[in-house]
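First up is the structure itself, then whatever we jot down about it.
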Amino acid sequence: MLTILYRGPLASCDYSCGYCPFAKRRDDPGRLRADRAALERFTGWVAAQDEPISVLFTPWGEGMVRSWYRRAVVELSHLPHVGRVAIQTNLSFRPDHLADADLSRLALWATYHPSQVTHERFLGKCRTLASAGVRYSVGVVGLPEHLQAARRLRADLPGHVYLWVNASEGLVYTDASAAPWQEIDPLFHYSRDPHPNLGLPCRTGSSVITVDGDGTVRRCHFLPTTLGNLYDGSFRDALRPRLCPATRCDCHIGYVHLEPTGLYDVFAGGILERIPARLHGDRPG
Ligand code: SF4
C-alpha cells in the first residue's frame, strides 16, 4: 500500500484563527485555477494506478469549501484500489456534499476552532456526520483558552468519536497543565512533546510519500529533499526504508509513521484520519 499526503497550492481559509498563518487568506482566481488543475491531475493519476493507494489531503487552507476537493474525495472513495481517502477540514462545508461517497473508504480529520464556530453549530455537524455513518475524528489545539470548549465538546460528542488534542506549538506543558488535556484525549502524551526521531526508522520515503501540486515527491511535509516526480514515475526508484535525519518531529501527520512510536498499532485501521483502533477508557457508545 502506498500512502500519499497531498498538498496543492491552495492556501486560503474561511476561518481566521489567531494561531494559523493561513487565517482568512485569500487565493486569487489564478491560484485557485492552478489548485484545481493540480488536484484534478493528481486524482487522475491515482485513478490510473493499479496498486493499493491511500490518500490524505492536507491543504494549508480549507479544501472542502472548494467544489474540486469535495468532488475529489467522493470520486476517490469509489475506486476499488483506494483503501482510504481522508481530508483535514474545519467542517464548515455541508455534510450532504458527501451523500454520494463510498463511506467504507472515506474519512475526515476534523478540527474544532472554538473562536470561529459555535459549540452548537460544530456539534450539529458532528452529529449529522455520525448519523450518516461518516468516519471522522475531531480535534482541538491544546491552548488554555480552548480547554472549556474542548471539555464541553468531549461531553457532547457521540461516545464512539475520538477527540484528539494537539499540543500547541511553542507551549511547554508541565504535568499539571497537561493533565486536563490528557483527560480529554487519552493519547495526548504522544503529542505533548516532540518525538526523538533522529536516526530512527520512519515509513516516509518508503511506503509513505508527500506530493505537491507539481507532482514533486518528498518523503514527508517536513523534509525538503526531493525524491522525484509523481507523474514521470521518477520517485519510485527512491523508495526504500529510511531513517529520519531531523532532530524533531512534532506533527501527527509525520510522527504517526515513525516506527518506534508504535502508532500504526494504536491507530490501526484509522492511521490517516487519526482514529484509534480502540478508544481508551471505553467511552459509552
Ligand atoms: S519522523 Fe517526521 S520528520 Fe522524520 S522522516 Fe518521519 S515524518 Fe519526516
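Checked against (1) surrounded by 16 or more Cβ atoms within 10 Å (Cβ to Cβ); (2) in contact with a Cys (Cβ under 8 Å, 6 or more places away or on another chain), VAL117 passes all but condition (2). In the condition set (1) at positive phi; (2) part of a helix (DSSP H, G or I), LEU91 is compliant with all but (2). Taking region 96-112, which residues are open to solvent by less than 30 Å² (accessible area, probe 1.4 Å) and part of a loop (DSSP other than H, G, I, E, B)? Scanning region 96-112 gives ALA101, TYR112. Just to be sure, is ASP35 open to solvent by 50 Å² or more (accessible area, probe 1.4 Å) and farther than 29 Å from ALA167 by Cβ? The answer is no for ASP35. Within 13 Å of the ligand (Cβ to nearest atom), crowded, with 22+ Cβ neighbours inside 10 Å and of a type in the set (A, V, I, L, M, F, W, C): is that true of CYS251 in this structure? Answer is no for this residue. Checked against the criterion of being within 28 Å of LYS24 (Cα to Cα), at pLDDT 95 or above and small (Gly, Ala, Ser), the candidates ALA101, ALA47, ALA110 yield just one match: ALA110. When PHE42, PHE57, PHE93 are checked against the criterion of being open to solvent by less than 30 Å² (accessible area, probe 1.4 Å), farther than 25 Å from ARG218 by Cα and not acidic (Asp, Glu), a single residue qualifies: PHE93.
For region 210-245, the set of residues classified as among the small types (Gly, Ala, Ser) and more than 21 Å from the chain's Cα centre (by Cα) consists of GLY228, GLY233, SER234, ALA238, listed by residue number. With the condition kept exactly as written, say whether any residue in region 98-111 is more than 20 Å from ILE275 (Cα to Cα) and of a type outside the set (Asp, Glu). Within region 98-111, one or more residues are more than 20 Å from ILE275 (Cα to Cα) and of a type outside the set (Asp, Glu). Scanning region 190-238 for residues that are over 21 Å from THR43 (Cα atoms), more than 13 Å from the ligand (Cβ to nearest atom), open to solvent by less than 50 Å² (accessible area, probe 1.4 Å) and free of Cβ contacts under 8 Å to residues at least 40 places away in the same chain returns a single hit, ALA238.
The values are calculated or read from the model by the stated rules, or taken from the named source; none is laboratory data. Worth saying up front: this structure is predicted, and the values here are computed from it rather than measured. Note: ideal-geometry Cβ built from the backbone for every residue, glycine included; neighbour counts use all protein chains shown. Areas reflect the complete protein model, heavy atoms only, side chains present, ligands, DNA and RNA absent. Shrake-Rupley method; radii C 1.70, N 1.55, O 1.52, S 1.80 Å.
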